[in-house]
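The values are calculated or read from the model by the stated rules, or taken from the named source; none is laboratory data. What you see is a predicted model; the values in this text were computed from it and never measured. Cβ coordinates were reconstructed from backbone atoms using ideal geometry, including for glycine residues, and neighbour counts include every protein chain displayed.
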Amino acid sequence: AARRGGSARAADQEQQSKAKAEQERVAQAKAENCRRARSHLAGLQSGQRIARLNDKGEREILDDKGRAEESRRAEEIIASDCS
């Protein structure tokens, strides 16, 4: 019985370790998303010309509407991933 308790404890510790590693991975991904979104938003707000690829793989310069959409998306990411 003591041996089972020990292996259950080891399995529990392993599960906790995996959960902690997953939490750290998610936190790092959020931090990277936050950094990228803030950088992108700063570029959009600076007024510099920004291009993106359209559905055909062609570069197109963002117009005011596209810039507003990109800004809104970046702000949503900042709101969700930056704490």
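Below is a table of values for the structure above.
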item	result
Pair list, Cβ < 8 Å and 6+ apart or interchain, from region 38-64 residues that are under 30 Å from Ser83 (Cβ atoms) to residues that are β-branched (Val, Ile, Thr) and in a strand (DSSP E or B)	Ile50/Ile61
The one condition in (1) part of a helix (DSSP H, G or I); (2) at pLDDT 90 or above; (3) loosely packed, with under 10 Cβ neighbours inside 10 Å that Gly5 fails to fulfil	(2)
Selection within region 4-58 - among the small types (Gly, Ala, Ser) and in contact with a strand residue (DSSP E or B) (Cβ under 7 Å, 6 or more places away or on another chain)	Ala51
Residues that are among the polar types (S, T, N, Q) and under 14 Å from Ile78 (Cβ atoms), drawn from region 28-67	Asn33, Ser39, Gln45
